Structures are given as C-alpha cells and as structure tokens.
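Asks: One structure coming up, written as structure tokens, with questions to follow.
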Amino acid sequence: MTAAQHILDQACSLARIAVLEADPAVYVERLAAELPGGATLVELEARDAALAAALGQIDAMIARAMRIRLDHALAHDTSIGAPTRSVFASTITGYAGRLSLLEQRARDVAVRGRAADPDLVAESVVEAARASLALRDALRAGVLALIRDGARAAIADADRRARDRNLDEPERRRWSAARRDLEAVAADPERVLAAPMAARLAALPDQLDEPEPGKELTFADLLELD
C-alpha cells in the first residue's frame, strides 16, 4: 500500500474524514512524491496510469465517507434502510451537480418508509452528500492539477523526439501521438479516465511530425551528422 492510499484508507470514521477535509493537500503531496519519474513513453504511461488510479481511489473513499455520514445523520431514522443507504453511497459521484435529484429520491424513500418528517430526512441525506462531494472536489482538484502540469511539462520533449530525425520512424510516430495526447490531457485532465495512455495513442490518427521547413542546422546538429 502506498502512503497516499493509506491516507485515503484512514478516512474510515467521521473524525478521520474531518482530518482529511482540513488538509486535503497532504494527500496530493504524498501522491506527487510517489509518481513514477522519467520521460520515456513507458514512464509517461506509468505516471498516467497511477494518476487515473488515484482518481478512482478517491471516488471509492468518497463512497465510504458518504455511507459513514449517512449512518451518522440517520442514526435515529428507520425509513431509509441499509440497502438504500448503500445505494446512495455507492452512487454518490453520480449526484455531483444533481443534489436536487438525490433530495427527491431520498424524500420518496422516506415517505414510503413512513418517516415522521420526510423533508428533514431528505435534507440530512443531501447535507451528507454535499459534504462528501466537497471533499471529493478538493482531492480531485489537486490530482487534476498534477495531471495537467505533468502533461504540460512533457509536451516540449515529446515534440522534440517526434521531430528528431535520429530516431527511427515508428518511434517518431509514437512520440507524435504522445505529444498530441499530452496536449489534449493538458486541456482536459480527466481524459486520463477515458482509457490507458497506450490505448489513447493507438486510437489517434497516424501522423509523423517533420522538422519545420527551412530549419537551419546548428553546430550540434552537424556534429550528430558526422
């Protein structure tokens, strides 16, 4: 288990969740320290996979946090049973930006369960969801920043390799695809969730980036040609 994952796993009580809420940057810092380094395609793919996994791990933790919050908020309520609480918790990320829908569904369940105050029960569910999603946003913001910044930092090197005539053509084509993918990830960090990097590169149109026409050879270039 990594140190970053351990931080998420520790959020298994209201008190531990509050600790993470107070300083979500600690998780992001641990994650950043554990990311694979280097600039080969294999290393870029490993970093991409680690960051995509981190986003998934955050969502898993948020589902657990939501269930903990629900059990606490509804400790004296019997209208929303354990199975429904589990469903609300496991689907919490789907309610991001749609809390009114969750409120409606919680109220309907509370009414069917003959709650004394269905509106209060629904409000309690929404408050638990709001707090859980706020923590998710805070953690994801840091991870998405790592994804975006890492992609931006790698673009120039990928472009250089894609145009390097000293590399064989298949490798240059792979770097050309990598450069385009990195640009897309820098613009939309959540792209890493669409598919592994290798699959994203394979799906891109085949392209070979050539050096700019008329580029003058430098002294270093001439030495390499000797």
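The values are calculated or read from the model by the stated rules, or taken from the named source; none is laboratory data. Note that this is a predicted model, so its numbers are computed, not measured. Counting neighbours? That spans all protein chains shown, and the Cβs are built from the backbone with ideal geometry, glycine included. The accessibility values were calculated without ligands, DNA or RNA, using every heavy atom of the protein model including side chains. Shrake-Rupley method; radii C 1.70, N 1.55, O 1.52, S 1.80 Å.
Asks: Could you list, in sequence order, the residues of the range 72-84 that are surrounded by 15 or more Cβ atoms within 10 Å (Cβ to Cβ) and under 12 Å from Ser124 (Cα atoms)?
Replies: Ala73, Leu74, Asp77, Ile80
Asks: Within the range 36-58, can you find the residues that are crowded, with 16+ Cβ neighbours inside 10 Å, out of contact with any Gly (no Cβ under 7 Å at 6 or more places or on another chain) and not small (Gly, Ala, Ser)?
Replies: Leu41, Leu44, Glu45, Asp48, Leu51, Leu55, Gln57, Ile58
Asks: Taking only the range 1-54 into account, find how many residues are over 30 Å from Ala128 (Cβ atoms) and either in a loop (DSSP other than H, G, I, E, B) or at pLDDT below 95 (or both).
Replies: 6
Asks: Still on this model: List the number of the failed condition for Asn166; all other conditions in (1) of a type outside the set (Phe, Trp, Tyr); (2) in a loop (DSSP other than H, G, I, E, B); (3) without any contact (Cβ under 8 Å) to a residue 40 or more places away in the chain hold.
Replies: Checking Asn166 against (1) of a type outside the set (Phe, Trp, Tyr); (2) in a loop (DSSP other than H, G, I, E, B); (3) without any contact (Cβ under 8 Å) to a residue 40 or more places away in the chain, the one that fails is (3).
Asks: Please find, among Ala141, Ala129, the residue that is touching a Leu at 6+ places or on another chain (Cβ under 7 Å) and modelled with pLDDT of 95 or more.
Replies: Ala129
Asks: Can you pull out every residue in the range 60-90 that is in a helix (DSSP H, G or I) and not aliphatic (A, V, I, L, M)?
Replies: Across the range 60-90, the qualifying residues are Arg64, Arg67, Arg69, Asp71, His72, Pro83, Thr84, Arg85, Ser86, Phe88, Ser90.
Asks: A follow-up question, please. Testing Asp119 on (1) without any contact (Cβ under 8 Å) to a residue 60 or more places away in the chain; (2) within 23 Å of Ala18 (Cβ to Cβ); (3) of a type outside the set (Val, Ile, Thr); (4) in a helix (DSSP H, G or I), one condition comes back false. Which one is that?
Replies: (2)
Asks: Considering only residues that are modelled with pLDDT of 95 or more and loosely packed, with under 13 Cβ neighbours inside 10 Å, which ones fall in the range 194-214?
Replies: Those that are modelled with pLDDT of 95 or more and loosely packed, with under 13 Cβ neighbours inside 10 Å: Ala199, Ala202, Ala203.
Asks: Then there is this: Starting from residues that are in contact with a Ser or Thr (Cβ under 7 Å, 6 or more places away or on another chain) and under 30 Å from Leu182 (Cβ atoms), keep the ones in the range 59-71 and report whichever is least open to solvent (accessible area, probe 1.4 Å).
Replies: Ile62
Asks: Evaluate the range 7-20: report whether one residue or more is touching a residue at least 24 places away in the same chain (Cβ under 8 Å), more than 16 Å from Ala63 (Cα to Cα) and in contact with a helix residue (DSSP H, G or I) (Cβ under 8 Å, 6 or more places away or on another chain).
Replies: no
Asks: Now for a separate question. Name the residue, out of Ser100, Ser124, Ser176, that is hydroxyl-bearing (Ser, Thr, Tyr), part of a helix (DSSP H, G or I) and more than 30 Å from Thr84 (Cα to Cα).
Replies: One residue alone meets the criteria, Ser176.
Asks: Here is a list: Ala153, Ala177, Ala186. Which entry is among the aliphatic types (A, V, I, L, M) and surrounded by fewer than 17 Cβ atoms within 10 Å (Cβ to Cβ)?
Replies: One residue alone meets the criteria, Ala153.
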